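Working notes, beginning with the structure itself.
The values are calculated or read from the model by the stated rules, or taken from the named source; none is laboratory data. Treat the numbers as computed from the prediction; the structure is a model and nothing was measured. When we count neighbours, we look across all protein chains shown, and the Cβ atoms used for this are built from the backbone with ideal geometry, even at glycine.
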Ligand SMILES: [Zn+2]
C-alpha cells in the first residue's frame, strides 16, 4: 500500500500557520499527520481453514504451506464482487439541525471547518494519566463538556487509548498544544479518512509563560487548549472566525471554556452523517 502524498502535503501546509501575531496567544500548533505504520508491513494474511477468513480478503489455498493465503481486496475487486465497504461507521445519536451529507468534499469540509477525518466509532477512550491530578481535573472538565454535546462519548482508561493526552517532552515556546494522529489511508467513508490513533501534547511551559505575563489564568488556558486539541483529534480544523475554540490564535479576551456553536455544529455534521 502506498503512502498517500496528499495527506503528508496537507500536514506540511498547516504547520506553517503557527505564528505569533502581536499580543495574540498562539493557541495551538496545527496537527501533523503520520501514516499508519502497519500499512507498510505485510500485504497478506494466512488462514488454516475457511472459518478464519477475514472480511474483504480474497484467499487462495497454498499446498506447500498447507494454509490459505489471503490478500486484501482492492476497491476495484470489491466492486467486481459487489461487496460493501469493510468499514462500519457509527453515527451520533445527537439530533442537531444539520444537513445530510453524502460526500465530504473540499467545499463541505471548509464550510464546516473539517479536516476530512473522523473516527469510525462514536465511543472513544482517552488516557490522561501522564498529567498531574490538577491537570487531569481540568482536562476532564473540558472532555465532559464535549460528552454533553452527545455527538461523541470519550471515556477515561488507564490502558492504551484512542486519544493519549500528555505533557510534551520537548519545549516549544511558540505553541501551547499539538495534536498528532495516524490516519488509515485505505478505506474512506463518504470521502473521509478514518483515524486510527491520536496523541495530544500539551506544552506546559508555554502555558506557564502566558500565565506569568498575566495574559490569562492557568485553568482557563489549559481547558481551552484541551477543547481545541480534542477538537482536532475528532476531526475539526482551524476556524477562521476569531473567538472560536478552533481559531488558531486568540487574544487574551477570547479564551473560551465552553464549546461554541461552530464547534457543536461541525462535530454534529461530521458524526450525525
Ligand atoms: Zn489547532
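For this structure, a couple of remarks:
- Test result for residue 89, at pLDDT below 50 and either within 16 Å of the ligand (Cβ to nearest atom) or closer than 30 Å to residue 150 by Cβ (or both): no
- Taking the numbered list (1) surrounded by fewer than 18 Cβ atoms within 10 Å (Cβ to Cβ); (2) at pLDDT 95 or above; (3) under 22 Å from residue 247 (Cβ atoms) in turn, residue 134 passes all entries but (3).
- Residue count for the range 53-75, restricted to those that are modelled with pLDDT under 75 and more than 23 Å from residue 189 (Cβ to Cβ): 0
- Hey, residue 211 under 22 Å from the mean Cα position of the chain (by Cα), closer than 27 Å to residue 133 by Cα, assigned by TED's automatic domain parsing to the domain that holds residue 176 and at pLDDT below 95 or not: no
- Which numbered condition residue 138 fails, given (1) in the same structural domain as residue 219 (by TED's automatic domain parsing); (2) farther than 14 Å from residue 273 by Cβ; (3) free of Cβ contacts under 8 Å to residues at least 12 places away in the same chain; (4) out of contact with any strand residue (DSSP E or B) (no Cβ under 9 Å at 6 or more places or on another chain): (3)
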